[in-house]
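Since the structure comes first, as C-alpha cells, the remarks are kept for the end.
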C-alpha cells in the first residue's frame, strides 16, 4: 500500500533542506492515512500528561486519572511546578510514547504503532535519506503529542550528547488550524524569531539538529488541541 504522496519533489526538498536547514512538506501522506492517524489520536490514544518539573529539574508524567479527574490543585500545580518565573526551560503537553508502548507490547494494533513500523520500513528510510541528503539515517523514533489550551514547549535546540540525532521532524495532524490558535513552531537565531511554521494538517516539518526552536502556547479558547507526531532521525 502506498502511504506517501507520490507527487513530492524529493530533489527540490533535499536542496532546500541543505540550504536552509529546515523544510515544510505539505500533503506528505496520502489523505486517508493522515485522517486515520488523526482520528486514532483523537479517539483511542491513552495520553499521559508530560511536563518539566521545575522544582525537581527533570521531566515527569502524570497518568490520566491523576489530572483528568482533578486529583490535584491544578492552578497550584501549574504555578509551583510548571511556570516558575526563573525557569530557563519547560514544557507541558499530552504525550503518547509510541516506541515505548510498542516495545512493551501495550495497545497492540494501535494505528500509531503501524505508523512507527511505516517510518522504519526500508523504503521509508530510503525516502528520508534522499529527502535529507543523509545516508547516515538508520532509524526513526516517534512520540504522539496533543497540546491543549495553555500547553507549550520552551526554547531548546535538541542537542543530544552523542545519541546520534541528525534531524528532527514534526508531522502535524490538526484538522483545522489558524495561526492565532498558537501552537506555532518558531525557529530562533540570536534571540530573534527567524521562521515560523503553522501546524497545517498533513504537513511534515524536518529540520537539522541542533537548531533553536520552540512551540508557542496554544490559546485557551482552542477546544480541539494541536495533534502531531514528532521525533528524530538517528545515525545510530
Legend entry - Residue list for segment 11-48, filter: over 20 Å from residue 112 (Cβ atoms), out of contact with any strand residue (DSSP E or B) (no Cβ under 6 Å at 6 or more places or on another chain) and exposed (fewer than 15 other Cβ atoms within 10 Å of the Cβ): 11, 12, 15, 18, 19, 20
Inset, instruction - Return the residue satisfying two criteria in turn: it lies in segment 217-234 and is surrounded by fewer than 19 Cβ atoms within 10 Å (Cβ to Cβ) and out of contact with any strand residue (DSSP E or B) (no Cβ under 6 Å at 6 or more places or on another chain), and of such residues it is nearest to residue 19 (Cα to Cα). - result: 219
Inset, instruction - Tell me which residues, restricted to segment 181-207, are surrounded by fewer than 22 Cβ atoms within 10 Å (Cβ to Cβ), assigned to a loop (DSSP other than H, G, I, E, B) and in contact with a strand residue (DSSP E or B) (Cβ under 7 Å, 6 or more places away or on another chain). - result: 184, 200, 201
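With a cut-off of at least 3 residues that are within 16 Å of residue 206 (Cα to Cα) and more than 14 Å from the chain's Cα centre (by Cα), name the helices (runs of 4 or more DSSP H) lying wholly within segment 93-153. Explain how you work it out, then say what you get.
Numbers: elements: 98-104, 111-119, 122-132.
The helices (runs of 4 or more DSSP H) meeting that bar are 122-132.
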Legend entry - residue 87, sole failed condition from (1) in a helix (DSSP H, G or I); (2) modelled with pLDDT under 90; (3) within 24 Å of the chain's Cα centre (by Cα): (1)
Inset, instruction - Mind telling me which of the residues 78, 63 ends up being farther than 22 Å from residue 215 by Cβ, in contact with a strand residue (DSSP E or B) (Cβ under 9 Å, 6 or more places away or on another chain) and surrounded by 11 or more Cβ atoms within 10 Å (Cβ to Cβ)? - result: 63
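The values are calculated or read from the model by the stated rules, or taken from the named source; none is laboratory data. Just so it is clear, the structure is predicted and the values come from calculations on it, not from any experiment. Neighbour counts are summed over all protein chains in view; Cβ atoms, including those assigned to glycine, are modelled from backbone coordinates with ideal geometry.
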